[in-house]
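The values are calculated or read from the model by the stated rules, or taken from the named source; none is laboratory data. Here the structure is a predicted model, which is why all the values come from computation and not from measurement. For neighbour counting, all protein chains shown are included, and Cβ atoms are generated from backbone atoms with ideal geometry for every residue, glycine included. These area figures cover heavy atoms from the full protein model, side chains too; ligands, DNA and RNA do not enter into them. Shrake-Rupley method; radii C 1.70, N 1.55, O 1.52, S 1.80 Å.
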Amino acid sequence: MRKSDSIIIIGSLMVVFAATLAVVYWPVFTIPNRPSDLWRPLTDLEERGRRLYIANGCTNCHSQYIRPQDWGIGAERISQAGDYYNQRPHLLGSERTGPDLAQEGGEHSDDWHIAHFINPRFTSPRSLMPRFAYEGMDNIKALVAYVQSLGGDDADARMEIQRRFHKEAVAAYERGPDENVKWLHSRVPKTWRAMPSESPATEASVARGEKIYQDFCIGCHGPVGDGNGPAAEHLYPPPLNFTILRRHLVDGKYIGGILYYQIMNGITGTAMPYFKKHLESAKIWDVGNYIMVNFINWRDDQLPTEGIPASYEGKEAAPVSEQPQPGPTEPGRGGAR
Amino acid sequence: MPFWRRKDSAALVFLVSGAVWMVVGTFAGLASAIHLVAPDFFANIAWLQFGRVRAAHTGSVLLGFVTAMLIGGAFYILPRVLGTKLYSEPMGNLAALFFNAGVLIGDVALLGGLSQGREYAEYIWPADVLIVIAFLLLSINFITTIIRREEPLLYVSAWYFVGAIIWTSVVYPVGNVMWHPDTGSQSGIIDAIFLWFYGHNILGLLVTPLAVGIGYYMVPRIARAPLYSQMLGIIGFWTLLAFYTHIGAHHLIQAPIPTWLKTVSVIDSFAMMLPVATVLINWWYTARGRFSKFLVNPAAKFLLVGSIWYAITCVQGPVHSLASVQRVTHFNNWVVGHSHIAVLGFTGFIALAGMYYVLPGITGRRIYSEKLVNVQYWLVLVGLIGFFVVLSAAGLIQGQAWLNGATVYRVIPELKAYMVLRLVSGLPIIAGAIIGLYNVIMTLFRGELIES
């Protein structure tokens, strides 16, 4: 062997080994291998779901790490090294064709996930995710269990809320449609109930609302708002039929505030997700107006109000009373702190 | 004499298998692209589901097509620059058998739902074993060929070829964590560091040096000029090795790994411009004033354009390794655009260049149709430019929208047109792959015999 041969063969291999030692093995020995505050082991069912997640290449579209700059899409907790404790393999992912799942556990109800795995377009009409009905219901349930575990203790806390209100929602649904609506109204804070739509239900607003309804709502509530979208057969309690709301107007006239609140926060425990991270305020009013005009056949946006209208409303603004009612607190006293 | 003992038979097997995998791999890419336009097109066909077929696409094109075709070129070129013959043709053919069996088993397993779930290292353990055996056989073959040579000078191409093969013999088993056959992974965040060490080195320490070695052989011969500088080639070799091995962590800039590791990866990503510059300066200076020779020879055209893609890739790469740039470009189609110009543009173009350049020497026949090579060149080039532009634009839209607070779901409808254009851009590339395979097969049987 000539000298130049041994230089490339042995010399270059030594460089490779040195580099491996520096950038691979040095971290192995120096990164603390500890679970984070929210890490927990997976149950057998969740572990089975994780293997299905790997088998189907879900990592190719779903990342599982929240970056510091993800403030807009829910960086309530930026991922930490200990979140991945004991995971073989890691599933950080490298692309977000679909949403990040690091904290997905408990974000949606189990039945939402089942409908979504059977056909993602059922719950999310613009989704690009493949259907997973071919996995069969058993495997889909394992996948759901795994997805609901993502986020560890934080996910469990969210699931706890899901379970609590699921019970309430089922009980209310089983008391009949009118009792169900009464329960739904009762779970909206009082200040939001006797509130009209705070955005005029103009033709433009209703048209914008229709677009949003088709992108977000139609899969469950259906094209005519009767709660019979394609997802409905997989959901319990099933999606609300909007048309019966006409006989449940608050004080015989208000519904806009309730619609807004429930679109904004969802009805956790049922398949109705919250939309406040997807939709800005104006868009939520627009979709509420669309529902009001098309499915309830009622408008509360023109009821007299004390509020100063937004400047763009112009001729469409609701009539504003000359003398506003005094508020509940006297100036200077302050509220209870 | 049986086929596997014949001179250059190993080179031929690798080249033809590469041409076949190019067709398979691009079709897998087409299936993936269809999902992003019409997600119900393959509804409930498990083995064509996006997550599976996408992994089969990357495996087929990266290993099956580009790596195999480059190794085929290296098999032909290595003995010629050493003035000797290959140590063992049967061993070369055996390596080709193991390698292709590995890719085939790996791909079929992925489509069937057997995956290790680590990007670019998805293949299951048995496939990994076959591929590592192939690389060990290649190492023995290449090293022994070098040691037995007559020529005192070891030409740059030989450095790069031998380096690529022996480094990958180390990087592949380490990156695939093959001492854990069931999961093929380490535990937790460490596994991400292992994966991206592998994921980037399979490009940097395998296909890059192979392509560079082929370029170093072809450029002076096509230009009919001596190499501008042997020394630059050697500097490029050592700096490539020193810097490329450290940059894997730039895939994890916003992940919870140590800051020093991120810093090292970004600095070395920029340092990568040095070895790239040595290659490009060396090639382009060698060809200076003689570029017209590159435009009349279809194989050389692939090489020249491959070198331009190399330049674009290796300016873009370091820039988007910066955390401030990654804030926008990470996690979206921008990176997909980058990987396409790296693998298909740079190494793929040079693999095709090498194949068309050496095929007449192997078969004793002229390329069946130079016109079809030109057609393939234009189809792949136009498709790839379309890809690069469309995916970069789509990536910027995604990245900026997310940074603006939009959810992933909200941005999906905005990508519709881009996903359609991406699908359309892929079609000429597939057509090019099919035409290429046809041309190779016709050359083997119908090519005009060269008078010796």
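In table form, for the structure just shown:
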read-out	value
Residues whose placed amide H lies under 5 Å from that of B:Asn44, excluding near-sequence neighbours	A:Arg131
For B:Arg365, residues with placed amide H under 5 Å, excluding near neighbours	B:Ile450
Lysines whose Cα lies under 18 Å from that of B:Lys85, excluding same-chain neighbours fewer than 8 positions away	B:Lys7
Solvent exposure of segment A:44-159 as accessible area per residue, Å², 1.4 Å probe	32
Cross-link pairs beyond the 31 Å C-alpha cut-off, checked among A:Lys167/A:Lys190; A:Lys253/A:Lys276; A:Lys141/A:Lys283; A:Lys277/B:Lys416; A:Lys167/B:Lys416; A:Lys253/A:Lys315	A:Lys141/A:Lys283; A:Lys167/B:Lys416
Anchor A:Lys211: aspartates and glutamates whose Cα lies under 18 Å away (excluding residues fewer than 8 positions away in-chain)	A:Glu203, A:Asp226, A:Glu280, A:Asp286, B:Glu414
Per residue value of the accessible surface for chain B (all protein chains in place, 1.4 Å probe), Å²	33
Accessible surface of B:Arg422 - all protein chains present, 1.4 Å probe, nearest 10 Å²	20
Solvent-accessible area buried by pairing B with A, both sides, nearest 100 square angstrom, 1.4 angstrom probe	6900
Viscosity 0.692 mPa s, temperature 37 °C, Stokes-Einstein D of segment A:176-305 from Kirkwood C-alpha radius, µm²/s	227
C-alpha center-to-center spacing [segment A:165-232, segment B:232-257] in angstrom	54
With all protein chains modelled, accessible area of B:Thr363 [1.4 Å, Å²]	40
Contact order normalised by residue count of chain A, Cα under 8 Å, 6+ apart, percent	16
Set of lysines with alpha-carbon distance to B:Lys293 below 20 Å, sequence-local pairs under 8 removed	B:Lys301, B:Lys371
Isotropic mean projected area of the C-alpha convex hull, the protein assembly as shown (nm²)	38.4
Residues whose placed amide H lies under 5 Å from that of A:Tyr254, excluding near-sequence neighbours	none
Span-like helix ranges in chain B, DSSP H, alpha carbon extent 24 angstrom or more, Kyte mean at least 1.0	B:9-37, B:89-111, B:125-147, B:156-175, B:370-403, B:416-446
Global form of segment B:207-249, assessed from the alpha-carbon gyration tensor, a/c cut-off 1.5	oblate
Heavy atoms of A:Arg126 accessible to a 1.4 Å probe, total area in Å² rounded to 10	80
Within chain B, longest stretch free of exposed GluC sites (Glu not before Pro) [DSSP loop, at most 16 other beta carbons within 10 Å]	B:151-447
Total formal charge among the other residues, if their Cβ is under 14 angstrom from that of B:Ile367, Lys/Arg +1 and Asp/Glu -1	+3
Carbon/sulfur fraction of accessible area - the protein assembly as shown, other protein chains in place, 1.4 Å, %	63
Largest-first ordering by accessible area, 1.4 Å probe, given options A:Glu160, B:Glu151	A:Glu160, B:Glu151
Accessible surface ranking that places the most exposed of B:Tyr228, A:Tyr85 first, with a 1.4 angstrom probe	B:Tyr228, A:Tyr85
B:Ile45, B:Ile430, reordered so the largest accessible area comes first (probe 1.4 Å)	B:Ile45, B:Ile430
Per-residue mean of C-beta atoms belonging to partner chains within 10 Å, peptide A:234-243	0
